[in-house]
Amino acid sequence: MKLIRNERFNKRFKELPARIRELTDKKIQLLLANPHHPSLRVKKIKGEIEGYKNVFEASITKNYRFLFQINTDSYILLTCGTHDKLFK
């Protein structure tokens with residue numbers, strides 16, 4: 001699978017604290033290696049989010065998450081941040 005980071009994800013990623021950016025990179029690598037790994041706690045988001053369908057959430061830490069879509073050959077990273085700011 002290849003990885004595509006959209007513009008919003010890149011902007012939000014740069015705003016994260018340095019330690020959370022490091023953890024995010026590790027979790028993304030884990031997603032690529034094993035999307036079913038229990039520490040990712042991947043779950044499908046119900047409904048539609050800002051025009052995106054079939055969106056999934058993965059944990060970075062207890063308070064930080066990232067959202068992504070799964071295409072045939074890629075993961076599209078949509079956004080990241082604290083759970084309460086993911087959709088703002």
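Throughout, read-outs are computed from the coordinates displayed, never taken from laboratory work. Computed from a prediction, not measured in an experiment: that's the story for all the values here. No Cβ is skipped: glycine too gets one built from the backbone with ideal geometry, and neighbour counts run over all protein chains shown.
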Q.
What's the magnitude of the charge dipole for the chain around its Cα centre, counting Lys and Arg as +1 and Asp and Glu as -1 at the beta-carbon? Answer in Debye, nearest 20.
A. 220 debye
Q) Contour minus end-to-end for residue 63 and residue 36, with contour as 0.36 nm per residue of separation and end-to-end as the Cα-Cα distance? A) 7.7 nm
Q.
Quick query: amide H of residue 6 versus all other amide H atoms, modeled in the peptide plane; which residues come in under 5 Å with a sequence gap of 5 or more or a different chain?
A. 77
Q: Find how many whole Å separate the alpha carbon centroid of region 27-45 from the alpha carbon centroid of region 1-21.
A: 16 Å
(Q) At 222 nm, what value in deg cm²/dmol follows for the chain if DSSP H runs of at least 4 each add -39500 (n - 2.57) and the sum is divided by all its residues, to the nearest 500? (A) -9000 deg cm²/dmol
Q.
I want to check the label-to-label distance for residue 83 and residue 26. Put each point 7 Å from Cα in the C-beta direction and report it in nm to one decimal.
A. 2.0 nm
Q: Sum up the charges of everything whose Cβ sits under 15 Å from the Cβ of residue 14, counting Lys and Arg as +1 and Asp and Glu as -1, but leave residue 14 out.
A: +3
